[in-house]
Each structure stands twice: as structure tokens, then as C-alpha cells.
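The structure appears below as C-alpha cells.
The values are calculated or read from the model by the stated rules, or taken from the named source; none is laboratory data. As the structure is a prediction and not an experimental result, all values here were calculated from the model. Positions of Cβ are backbone-derived with ideal geometry, glycine not excepted, and every protein chain shown enters the neighbour counts. Calculation scope for accessible area: heavy atoms of the full protein, side chains included, ligands and nucleic acids excluded. Shrake-Rupley method; radii C 1.70, N 1.55, O 1.52, S 1.80 Å.
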Amino acid sequence: LLILVYYFIDFTFLVQTKARYQTEAQLANFLGPFSGMLETVTFLTRTLLSSRFITRYGLRAGLLVHPLGLMGCSVLLAVTGATAGMSPLFFWCTALTKLCDEVLWKSLNEPVFLILYQPLPAQQRFPAQQAQVLVLDRLAAAAGGHDGDHPLSLNHCVLRARRTCSHAAASMSGT
């Protein structure tokens, strides 16, 4: 379900961004700094807060922060869309939602998911992670109607990197 929500947020962000910035130069002038800020905030959050948060509040809280944050941002988007329409305020709320989605996912959900694989024997960990990434994420993307190859998509690079990792894993395993 979170993957479907991710694609919905990604699609909404892209539609709003394309509507606000019509030329390639305008789009690049927004997406470049936005992506840089997103990665900087993610790096700082993951480096300074993630382990402390997980240690203090546990895995359950780590898994709940992302969906609760998205629920709060979704309420904010719904209220803003209903009251202000497709205004600049709605665009910035959409950008904030995208920022929160990416930062919370990369800073808390990914580390928690990696911890959840720890009980598996070492030789089963990587195949289990790859099955989740290559099968379950793809099925959720297909169910959400997202082809993953839209050049403006922020997750375009992530999907390409995952494909590269899967090819490397297949060649390492000899299949």
C-alpha cells in the first residue's frame, strides 16, 4: 500500500511541477535544488536521527512514522486543495509532501526494513531483499499504473540503480 501511495505522491508532484514550470530550463532550475535539498535533509536525518530514533522508540515506531507523516501531509493537501485550489500554496504543500515522503522513507523505513532481515541466515538475506525489491515493488508499481521509466520521475534513477543491482546479483550468483 505504501508503494501505491508513493507513486500517487510522485505523480501528483510531477503534475504540479510540470504545470508550474513549463520549460525544461525552469524545470531543471527547480528540480536540481529541490533534489539537492532532499538528499541533504535525508543524509542529515539518516546520519543524526535515525539510529537514535530506532534505538529509543523501536522498530514499530520506525515503521509507523512514514505512514503517519504521509497521512498528515495528505490531510494538509486535501485541505489546501479544497480551500485554495490549484494555487502556489497547493504546489508548495505538494513539494513538502514529496520531501517528507522521501526523507521519512529513506531515513526510517529503509533502515528498519534492513534490520528486519537480520534474523535470516546471511546467505538468505540478499535474495530475500532482492525478491522484495524486484518482485513486490514492481507489482505495486504496476498496480499503481507507473512504468518507472518517466525521465522526470525522481525515482527513475532509483529504479535504474535497482535494475543494475539485480543484474549484478544475477551475474554473481551464476544465473
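Give me the percent relative contact order of the range 1-135, please, defined on Cα pairs under 8 angstrom at least 6 residues apart.
33
Mind ordering 22-31, 5-14, 114-123, 54-63 by average Cβ neighbours within 10 Å, highest first? Numbers along the way, then the final one.
Values: 22-31: 11.7, 5-14: 18.7, 114-123: 9.9, 54-63: 13.6.
Highest mean packing first, the order is 5-14, 54-63, 22-31, 114-123.
Per residue, how many Å² of accessible area does the range 1-83 show with a 1.4 Å probe?
On the way: 5290 Å² over 83 residues.
Ligands and nucleic acids excluded, the figure is 64 Å² per residue.
Can you work out ³J(HN,Hα) from phi for every residue in the range 120-128, in order, using Karplus 6.51 cos²θ - 1.76 cosθ + 1.60 and θ = phi - 60°, giving whole Hz and x for Gly and Pro?
Each residue of the range 120-128 in turn: 5, x, 3, 6, 9, 4, 4, x, 5 Hz.
Work out the length of the dipole vector of the range 1-78 about its Cα centre, built from +1 on the beta-carbon of each Lys and Arg and -1 on the beta-carbon of each Asp and Glu, and round it to the nearest 20 debye.
Values: 6 positive and 3 negative charges, 66 e Å.
In total the dipole reaches around 320 debye.
Which whole-Hz couplings ³J(HN,Hα) result when phi for each residue of the range 25-32 is put into the Karplus expression 6.51 cos²θ - 1.76 cosθ + 1.60, θ = phi - 60°, listed in order with x for Gly and Pro?
Using θ = phi - 60°, the values come out as 5, 4, 4, 5, 5, 8, 5, x Hz.
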